[in-house]
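The values are calculated or read from the model by the stated rules, or taken from the named source; none is laboratory data. Quick caveat: nothing in here was measured; it's all calculated off a predicted structure. Counting neighbours? That spans all protein chains shown, and the Cβs are built from the backbone with ideal geometry, glycine included. Accessible surface is based on the protein model in full, side chains and every heavy atom, while ligands, DNA and RNA are left aside. Shrake-Rupley method; radii C 1.70, N 1.55, O 1.52, S 1.80 Å.
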Amino acid sequence: MIRVIAFDLDDTLWYVGPVIKRAESILADWLEKEVPGYSYEPSTLMPIRETLLSEDPSLGHRLTAFRQQLIKASLVSYLDEQSAASHAEGAMEIFLAARNEVEFFEGALDTLRDIARSFQLGAITNGNADIYRLGLNDCFSFAFSAEQVGAPKPAPDLFHAALAHTGCEPAQMVYVGDDPIKDVDAANEVGLHTIWMKSNDKLIKGESNPDETIDDIRALPDAIRKLVDR
Ligand SMILES: [Mg+2]
């Protein structure tokens with residue numbers, strides 16, 4: 001008996017590319033206004049990024065911590081240590097606010113609210129989208145991020161955290177995601193039901209098949225019904 005529907009967020013409920021691009025641009029404007037002479041350039045950040053990652057590889061999945069440290073490190077030639085740290089903190093707040101201003105796929109919110117009447121919903125994400133900032137906390141009752149749990153998908157840790165939290169057996173949970181490997185293969189491996197949201201034409205191939213495939217989030221209730229009826 002299926003009880004819980006868990007979701008990947010980015011590219012499953014909205015396109016993440018434009019969201020990050022806009023958030024980066026808002027972040028750059030803010031920093032350049034706050035710190036005279038500073039320019040937020042991806043090309044100058046790249047070497048700092050490499051250094052930070054080699055010092056602490058876990059930053060690879062701790063996206064919020066990573067970005068904040070990156071900003072701070074890029075500011076130290078313009079500001080004293082303490083001021084760089086506080087500006088990095090302020091900048092991160094600006095970025096996160098913008099990063100959670102997303103344009104949901106058409107019908108996504110209505111679909112989620114509809115499903116939430118019959119199932120418990122939650123988020124399982126590698127990124128730093130936040131159900132509270134997104135206003136999804138009215139229909140989502142849990143959220144686990146790679147940053148919290150310590151290992152990104154396709155590792156099983158996030159799924160195990162959601163199973164423990166909901167007290168579900170794997171067969172009682174459906175996972176909906178867009179990535180054939182990090183979402184579909186990873187959730188299949190743990191024993192969850194999977195629905196592949198084919199939101200783009202990425203050519204990545206997974207090793208396993210989803211139980212159902214949709215290319216419009218509004219088709220989700222029907223896909224879930226098919227799983228329930230099996
Ligand atoms: Mg995704």
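A few comments on the model shown:
- When segment 180-230 is filtered for residues that are within 20 Å of the chain's Cα centre (by Cα), among the β-branched types (Val, Ile, Thr) and in a helix (DSSP H, G or I), the ones remaining, listed by number, are ILE181, VAL184, VAL190, ILE217.
- Residues that are open to solvent by 10 Å² or more (accessible area, probe 1.4 Å) and more than 15 Å from the ligand (Cβ to nearest atom), drawn from segment 116-129: ALA116, ARG117, SER118, PHE119, GLN120
- Of the residues in segment 156-174, none is open to solvent by 50 Å² or more (accessible area, probe 1.4 Å) and either within 24 Å of TYR15 (Cα to Cα) or within 13 Å of the ligand (Cβ to nearest atom) (or both).
- Candidates LEU45, LEU9, LEU63: the one that is open to solvent by less than 70 Å² (accessible area, probe 1.4 Å), over 30 Å from SER118 (Cβ atoms) and within 16 Å of the ligand (Cβ to nearest atom) is LEU63.
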